[in-house]
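All remarks here apply to the structure that follows.
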């Protein structure tokens, strides 16, 4: 089982969007028994909250379920549980590296999945309001991620 965790600041915009999109693609690829996905935030402000209204609207328009997704804060055991941890921006990455202990190698910035894009961070739509732009980045990045994970699973 491969386990993937997406992390942003409050776990209501970017990381739950990435969780929902990847979960949707995992189901379509019939990989639910082989890949598990979750999301978390570095902060605790929204613990227990559903995704932001803008995230819900973008996901609903794309026909992607966000049922059952609730904000949570990153926990110390996440660094042992998950195989890959994707930070949505440099601030999240810095905080994850601080918390990770010996598991720093599992942490990558999400935009590393999009090798052809010059942008290093997924902008926070909580502040910009550009949920559609973030969805496009996440959709493209999770396409690459599902290809990578599928290749790893085939070798297992």
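Here residue 45 and residue 155 are evaluated by their C-beta separation; at R0 = 30 Å the FRET efficiency comes out at 0.15. The slack between residue 104 and residue 62, meaning 0.36 nm per residue of separation minus the straight C-alpha distance, is 11.8 nm. Compared with the direct C-alpha span, the chain from residue 97 to residue 30 gains 20.9 nm at full extension, assuming 0.36 nm per residue. Treating r as the C-beta distance of residue 120 and residue 73 and R0 as 25 Å, the FRET efficiency rounds to 0.55. Over the chain, Cα pairs under 8 Å with separation of 6+ residues give a relative contact order of 27 percent.
With a/c under 1.5 counting as rounded, go ahead and sort the chain into rounded, prolate or oblate using the C-alpha gyration tensor (a ≥ b ≥ c being the square roots of the eigenvalues; past the cut-off, prolate if a/b is larger than b/c, else oblate). Since a/c stays below 1.5, the shape of the chain is classed as rounded. Across 123, 51, 16, mean-square fluctuation computed from a Gaussian network of the chain (C-alpha pairs under 10 Å connected) peaks at 123. Please check: in the Gaussian network model of the chain (C-alpha springs, under 10 Å), which one of 28, 56, 84 has the largest mean-square fluctuation. Comparing 28, 56, 84 in the GNM, the peak value goes to 28.
Values in this text are rule-based calculations from the coordinates and carry no lab data. What you see is a predicted model; the values in this text were computed from it and never measured. Here the Cβ is made from the backbone with ideal geometry for all residues, glycine too, and neighbour counts use every protein chain on show.
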